[in-house]
Amino acid sequence: MKVIVVGAGVFGVSTAYHLARAGADVTVFDRDDAGRATSAGAGIVCPWLSAREDEAWRAIAFGAGRFYPELVAELAGEGEHDLGYRRVGLMVVPDEAAQLDAVEQRLAVRRQVAPEMGVVRRLSAEQAVGLFPALRPGQPATHIEAGARVNGRLMAAALLRAAQKRGAEVRQGSPEIVADGGAARGVRLDGQVVGADAVVVTAGAWAPALLAPLGVSLRVEPQKGQIVHLRLAGVDTSGWPVLQPMNGYYLLTFDDSRVVVGATREVGSGFDYRVTAAGQAEVLNVGLAVAPGLADAELIETRVGFRPMAADELPMIGAVFGIGGLFVGNGLGPSGLTLGPYAGRLLAEAVLGRASEIDLGPYDPLRGCGAYMSR
Ligand SMILES: Cc1cc2nc3c(=O)[nH]c(=O)nc-3n(C[C@H](O)[C@H](O)[C@H](O)COP(=O)(O)OP(=O)(O)OC[C@H]3O[C@@H](n4cnc5c(N)ncnc54)[C@H](O)[C@@H]3O)c2cc1C
């Protein structure tokens, strides 16, 4: 089976890898847009903490949580070890200690179906600052053992290389989709048509523009995030846990004395790829309030990414109704580095016509659209 994948963010490269692994003949096209979400994403992997309660969210989030260590081991078998992935644990740090009771109750319920989150325990302020030395004093926390972080750039590059090792071809460029007679036939780039049995669109926040000429209206919008990278020179931050205040912001660290503080959530941003004074100030103010020990850190870069947000904030995985051979993977929103590797496997299975371990109905790419309603 010949499959074309358009878009090589984490969703596309995972789809390509799983397709190639299953023996499909895969070509990946990508144009490396500024603001690719996968390149800007913080890298927190802790799907059990979300306050969302709907079953569709739980199925994909918990599935992704189970799948991550499996994939990391599998990639090691493919010779891919450099993912920036590490199970450093995650600490929830509230404004008031009483908020931790509710968090721990929610996690205790979820732990019954997702024991892979590991041990959840309350930490005293001394224990918390022992794990994350820049943390403000007097701050108790709840610690989730299996919380992890990953470097999105490295993970995506590893998946793409693993796909290539299994025969996938990678091409730079921005093709248009060729469709006739109610089916996708391939893509056209520089006047040349490349035929395929299936075309998979994993083009993140840019996907609506690619699909519009086919009459497909994808309900996805970019949500800009500005995220600050600091360096604490001479400090080994490699084992510090992810820090999750309860205000939507977060801090996490990597091996090169790097501390990442994020992020803005700019609804209605369009593709405005600028670091702004207000965005920078917002993130740094929150970060320094929770971790004043970072005041002297060096600001090394600010990244900008466009989260692909579905109207109902649920991923899109599957075939496009009404156009044979056309598939979409999108809507990973703020959680794509967590969900993307698993969602890519699910999408690959859908392309191959294989049964999925979860019901993909709720992730129909055209749900909520006229075409979906009229089915
Ligand atoms: C600031 C920030 C922090 C985040 N933090 C986290 C986190 O801590 N944990 C987590 O799980 N998730 C996080 N995310 C979310 C995660 O990064 C995204 O959900 C995920 O990366 C989306 O992946 P994607 O492959 O769908 O899209 P993208 O990564 O945006 O990739 C889309 C690709 O398609 C290409 N493309 C688009 N149009 C075309 C075309 N016409 N032709 C060819 N190529 C095309 C683009 O160039 C791009 O390479 C964060 C995101 C941001 C912005």
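Tallying residues that are surrounded by fewer than 24 Cβ atoms within 10 Å (Cβ to Cβ) and within 13 Å of the ligand (Cβ to nearest atom) within the range 1-21 yields 0. The condition (being of a type outside the set (Lys, Arg) and in contact with an Asp or Glu (Cβ under 8 Å, 6 or more places away or on another chain)) is satisfied by just one residue among VAL93, VAL120: VAL120. Only one entry in GLY340, GLY318, GLY331 is closer than 21 Å to GLY65 by Cα, away from the ligand (no atom under 12 Å from the Cβ) and under 20 Å from the mean Cα position of the chain (by Cα), namely GLY318. Kindly check whether there is at least one residue in the range 196-213 that is part of a strand (DSSP E or B), away from the ligand (no atom under 13 Å from the Cβ) and not β-branched (Val, Ile, Thr). Within the range 196-213, one or more residues are part of a strand (DSSP E or B), away from the ligand (no atom under 13 Å from the Cβ) and not β-branched (Val, Ile, Thr).
Test SER217 against the criterion of being out of contact with any Asp or Glu (no Cβ under 8 Å at 6 or more places or on another chain), within 9 Å of the ligand (Cβ to nearest atom) and open to solvent by 20 Å² or more (accessible area, probe 1.4 Å), and give yes or no.
Judged against the criteria, SER217 is not a match.
Got at least one residue in the range 354-374 being surrounded by fewer than 24 Cβ atoms within 10 Å (Cβ to Cβ) and within 11 Å of the ligand (Cβ to nearest atom)? Within the range 354-374, not a single residue is surrounded by fewer than 24 Cβ atoms within 10 Å (Cβ to Cβ) and within 11 Å of the ligand (Cβ to nearest atom). Within the range 266-294, residues that are among the basic types (Lys, Arg) reach partners that are open to solvent by less than 60 Å² (accessible area, probe 1.4 Å) with beta carbons closer than 8 Å, at six or more positions or on different chains, in the pairs ARG274/VAL304.
Kindly evaluate VAL193 against the criterion of being among the hydrophobic types (A, V, I, L, M, F, W, C), closer than 24 Å to ARG31 by Cα and open to solvent by less than 80 Å² (accessible area, probe 1.4 Å). Criteria not met by VAL193. When we screen GLY186, GLY181, GLY173 for residues that are out of contact with any Cys (no Cβ under 9 Å at 6 or more places or on another chain), over 18 Å from ASP33 (Cβ atoms) and open to solvent by 10 Å² or more (accessible area, probe 1.4 Å), the only hit is GLY181.
When we screen GLY305, GLY293, GLY344 for residues that are of a type in the set (Gly, Ala, Ser), at pLDDT 95 or above, touching a Ser or Thr at 6+ places or on another chain (Cβ under 6 Å) and within 24 Å of GLY147 (Cα to Cα), the only hit is GLY344.
The values are calculated or read from the model by the stated rules, or taken from the named source; none is laboratory data. Predicted model, so just to flag it, every value in this text is computed and none were measured. No Cβ is skipped: glycine too gets one built from the backbone with ideal geometry, and neighbour counts run over all protein chains shown. Side chains included, ligands, DNA and RNA excluded: accessible areas come from the protein's heavy atoms. Shrake-Rupley method; radii C 1.70, N 1.55, O 1.52, S 1.80 Å.
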